[in-house]
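Have a look at the structure below before the remarks.
The values are calculated or read from the model by the stated rules, or taken from the named source; none is laboratory data. Being a predicted model, the structure only gives us computed values, none of them experimental. Glycine also receives a Cβ, built like all others from the backbone with ideal geometry; neighbour counts cover every protein chain displayed. Ligands, DNA and RNA are excluded from the accessible area calculation, which covers all protein heavy atoms including side chains. Shrake-Rupley method; radii C 1.70, N 1.55, O 1.52, S 1.80 Å.
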Amino acid sequence: MDQLIQESKLSKAEIFETLHQFITEVIGEEFVEEMDITPASSFTKDLEMDSIEIVAFSEKVKNHFGSNIDFTGWLSNMDLDEIIQLKLENIINYIQECQ
Amino acid sequence: MPVIDLPNVRLHVQELNPGGEETIIMVHGMFSNLAVYYFNIAPMLAKHYRVVLFDMKGHGMSEKVQTGYDLTSMTNDLRELMDALGIEKAHLAGYSYGGLVALKMATRFPERVDKLAIIEGPDPSEQETLTIIDTYSREFLIHYIENFADTTRLLAGKRQLEKNHRMYEFLFNETSIRSDMEGEKEFFNDPAVAAIQHETLLIYGEESNCVPSGRTLASRIPNATLVLVPGDHNVPVQQPEVVGKELEKFLEFADNLNFRFNQSILDSINHSN
């Protein structure tokens, strides 16, 4: 089960660790080893993720953090430029706000 | 990752608003994947409908297979997917080659299809079609490079270029995709297309070289309406909101028509009594 039962709010560092793990699962360990992933990393430029990989990542976020986080809905309010600019820290902040 | 095992192939499927009363299934085009709908058009429709997206075989995160890219095999996959998901009948929307898959569904399994929306479906008899498809694949890469490369817009990332390159290499050199598509040349002339009774919306980009294909379909399918929107063949990427709104309007309008139709039947029954 991926669903997380939360007793207290997760810290930004904890959320970052989880997202880092998801990125590794989506793009593969061999590529992640060569990258320096930080909260300031952007999805398309720094992590070189394409749209189908962001779909896979979104699904992991939804399954893990629960259905009260409307991650796809949040993304759908952005235009292409905003998605291109999207950084890990934007998602970390969004998840924290939803907790 | 939700992967559904069908008798002949494993397909990657994404559902939005699974509790929605009516279902719309969206089929992407060649060399693309379900992400073409996932971030914008699908969430718009998911406000009212259950939306089912899937990667075609050999595409996105679905199984890579060597054969079966013709419309009959593709519609077998789609019907089996509907069976697996317990969907008796659904609205269908398809883009480019996915539009031809949707049309073929309406000819082969009319009872499984509610309303039909075709976005930029190319006429396979036009000699240009394979060229269009080739051009489209180049544009797809260029689009990627322009939008996803770094700010100097010089080069897309090495991993992505290699990934895209591998996909084209696989589909062109290791599968029957081109000969399967060539085998569909006469599809628009199939009497079954002219016999489609479904309410049909044809969305084409004003600047697209597929507009004549849209006009051909509009002249052959009795209940078809052609809508031209700003953009070219890549219109779902260029104008997702416009395409989403046209689809919303079409599905809603179709419901209103049905309502009026039912109402007029009721009225005539009442009058005859």
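A few points about this structure:
- Total formal charge among the other residues, if their Cβ is under 14 angstrom from that of B:Pro7, Lys/Arg +1 and Asp/Glu -1: -2
- Between B:Lys47 and B:Lys158, the simple spin-label model (points 7 angstrom out along Cα→Cβ) gives 4.5 nm.
- For region A:12-98, the carbon plus sulfur part of the accessible surface works out to 43%, probe radius 1.4 Å.
- Difference of contour (0.36 nm per residue) and Cα-Cα distance, A:Ala13 to A:Asn68: 17.7 nm
- Exposed loop sites were defined as GluC sites (Glu not before Pro) in DSSP loop states (anything but H, G, I, E or B) carrying at most 16 other C-beta atoms within 10 Å; in chain A the longest segment without such a site runs A:35-99.
- Measuring r between the beta carbons of B:Glu88 and B:Thr67 and using R0 = 41 Å, the FRET efficiency lands at 0.90.
- Cross-link pairs A:Lys60/B:Lys245; B:Lys89/B:Lys185; A:Lys9/A:Lys62; B:Lys57/B:Lys163; B:Lys64/B:Lys115 - those with Cα-Cα distance over 21 Å: A:Lys60/B:Lys245; B:Lys89/B:Lys185; B:Lys64/B:Lys115
- Take each residue in A:75-82, count the other chain C-beta atoms within 10 Å of its C-beta, and the mean is 4.
- Cα shape, region B:1-56, gyration tensor, a/c 1.5 rule: oblate
- Computed packing ranks the peptides A:69-81, B:90-102 as B:90-102, A:69-81, most packed first, by mean other Cβ atoms within 10 Å.
- For region A:28-43, the Karplus equation 6.51 cos²θ - 1.76 cosθ + 1.60, evaluated at θ = phi - 60°, returns couplings of x, 4, 4, 7, 5, 4, 7, 10, 9, 7, 10, x, 8, 5, 9, 5 Hz by residue, with Gly and Pro reported as x.
- Our Cα-only numbers for region A:12-98 put the radius of gyration and Dmax at 12.0, 34 Å.
- Extension gain for the segment B:Asn17 to B:Ala218, taken as residue separation times 0.36 nm less the Cα-Cα distance, is 69.2 nm to one decimal.
- Charge tally around B:Ala35: other residues with Cβ under 12 Å, Lys/Arg +1 each, Asp/Glu -1 each, net -4.
- Modelled label positions at B:Ser179 and A:Gln85, each set 7 Å beyond Cα in the direction of Cβ, lie 5.0 nm from each other.
- Per residue, the accessible area of chain A comes to 53 Å² when a 1.4 Å probe rolls over the protein heavy atoms.
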